[in-house]
Amino acid sequence: MGAFELIITIFIFVGMSAVCSGLNLSLMSLDIGELERKVKVGHTQAARILPLRKNSHLTLASILLSNVAVISATSLVLEHRFNGLIAGIASTLLIVVFGEIIPQALFIKNSLEITAVFVPLLKGMIMLTYPIAKPLQLLLDKLFGHEDMKLHTRQDLGFIISDHLGHKDSDLDEDEVEIMRSVLTMSHKRVRDIMTPISNLYWLPQNTMIDADRIDELKAQNYSRVPVFNKELTESKGVLLLKDLIDIDFDEKARPVSKFVRPSAMVGSMTALDTLFRVFIGSHSHLLAVEKDDKIVGVVTIEDLIEEILGHEIEDEADGSRLKT
């Protein structure tokens, strides 16, 4: 074999080793769950890679068998040209530098895109090594089972979302990041953290009579919703909506507040905010009484919950959950 043919042969063998080494690292670095999510949104490269990544033991065995074969061939070719020591040193340097370090650094940087390019080659390796790779796959499946999807913890998701802040390649703006981070902490926050305490609340006893003077008082308070409790503050009778009183004449006849009260549920002060969402949906009410040790200690509104998620106060008309000013 002439010098030119030797160089070409070594170049091909080292190149094949580089591809095998790079694919081994890049393919295994791709998370199955992330690939599945990309496939659902129509990512064509992820769709090409996913079957190979799911059947990781067969793919891994094929890559490694191909890589070992190429490395062995490189050593044999060099031994025919040089003595054993020089051939060993040359093959080691070529494989380590150009067949391992450089390709792995390159492939891991753009693992999805590069792996997708070499999918046909991967399938070819599987076909060529199938008689040996398939039994190895069955053995590995028996010993270690299939790879499970890796789920992120709430803290992990918070860090992942925070990484988008200020990143030029992120398609999330600052408000979206803040909202998602707030949602992730909702299970750790309690109703007591966002409620309006009873000491700062305008409310009506259940036996209140609505007359002209009371209407003037309600107008002066400028609340759109007013909770109604019993005097002992152990029961919530519901919520009075001022809009329900607009077309009623109270000048000649007073009416009990119970005639206008809309039902409203109660929620414990230690209820987590993510659970509070479901309570609001189930109660069909925007205002809930908050109880602790069988005593009403405040109220919480859907606006309070939304403000906690947004991280900003919503400036709207005053209502029964707002602090009196």
Among the residues of the stretch 68-78, what is the count of those that are out of contact with any Phe, Trp or Tyr (no Cβ under 6 Å at 6 or more places or on another chain) and open to solvent by less than 20 Å² (accessible area, probe 1.4 Å)? 1
Please go through (1) at pLDDT 90 or above; (2) in a helix (DSSP H, G or I) for N207 and return the number of the only condition it doesn't satisfy. (2)
State all residues of the stretch 246-260 that are in contact with a helix residue (DSSP H, G or I) (Cβ under 7 Å, 6 or more places away or on another chain) and open to solvent by less than 90 Å² (accessible area, probe 1.4 Å); if no residue qualifies, say none. F250, F260
Pairs needed: first member in the stretch 84-111, assigned to a helix (DSSP H, G or I); second member anywhere, open to solvent by less than 50 Å² (accessible area, probe 1.4 Å) and modelled with pLDDT under 75; C-beta distance under 7 Å; at least 6 residues apart or different chains. A87/L78; A90/L78; S91/L78
Tally time: how many residues in the stretch 107-138 are open to solvent by 90 Å² or more (accessible area, probe 1.4 Å) and not charged (D, E, K, R)? 7
Does the stretch 194-203 contain at least one residue that is over 30 Å from R255 (Cβ atoms) and open to solvent by 60 Å² or more (accessible area, probe 1.4 Å)? no
Are there any pairs with C-beta distances below 9 angstrom linking a residue in the stretch 299-319 that is farther than 23 Å from M270 by Cβ and open to solvent by less than 50 Å² (accessible area, probe 1.4 Å) to a residue that is among the β-branched types (V, I, T) and modelled with pLDDT under 70, with the two at least 6 apart or on different chains, and if so which? A318/T325
In the stretch 181-217, which residues are of a type in the set (A, V, I, L, M, F, W, C) and either more than 30 Å from M270 (Cα to Cα) or touching a Leu at 6+ places or on another chain (Cβ under 8 Å) (or both)? L184, M186, V191, I194, I198, L204, M209, I210, A212, I215
Hey, does the stretch 143-160 have a residue that's closer than 30 Å to I296 by Cα, open to solvent by 90 Å² or more (accessible area, probe 1.4 Å) and either assigned to a helix (DSSP H, G or I) or touching a Phe, Trp or Tyr at 6+ places or on another chain (Cβ under 6 Å) (or both)? no
Can we say K243 is basic (K, R), over 16 Å from G298 (Cα atoms) and free of Cβ contacts under 8 Å to residues at least 40 places away in the same chain? yes
Within the set of pairs 6+ apart or on separate chains, which have a first residue in the stretch 112-123 that is closer than 16 Å to G15 by Cα, a second that is of a type in the set (S, T, N, Q) and surrounded by 19 or more Cβ atoms within 10 Å (Cβ to Cβ), and C-beta atoms under 7 Å apart? I114/S26; T115/S26; L122/T59
Flag if V191 is surrounded by 13 or more Cβ atoms within 10 Å (Cβ to Cβ) and more than 21 Å from I309 (Cβ to Cβ): no
Do we have E34 as under 21 Å from A90 (Cβ atoms), out of contact with any Lys or Arg (no Cβ under 6 Å at 6 or more places or on another chain), free of Cβ contacts under 8 Å to residues at least 60 places away in the same chain and open to solvent by 20 Å² or more (accessible area, probe 1.4 Å) here? no
Exactly one of S62, S66, S72 is modelled with pLDDT under 90 and within 17 Å of M16 (Cα to Cα), and that residue is S72
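The values are calculated or read from the model by the stated rules, or taken from the named source; none is laboratory data. Quick caveat: nothing in here was measured; it's all calculated off a predicted structure. As a convention, Cβ positions derive from the backbone with ideal geometry for all residues, glycine included, and neighbour counts pool all protein chains shown. The protein model used for the area step is the full one, side chains on, heavy atoms only, and it has no ligands, DNA or RNA in it. Shrake-Rupley method; radii C 1.70, N 1.55, O 1.52, S 1.80 Å.
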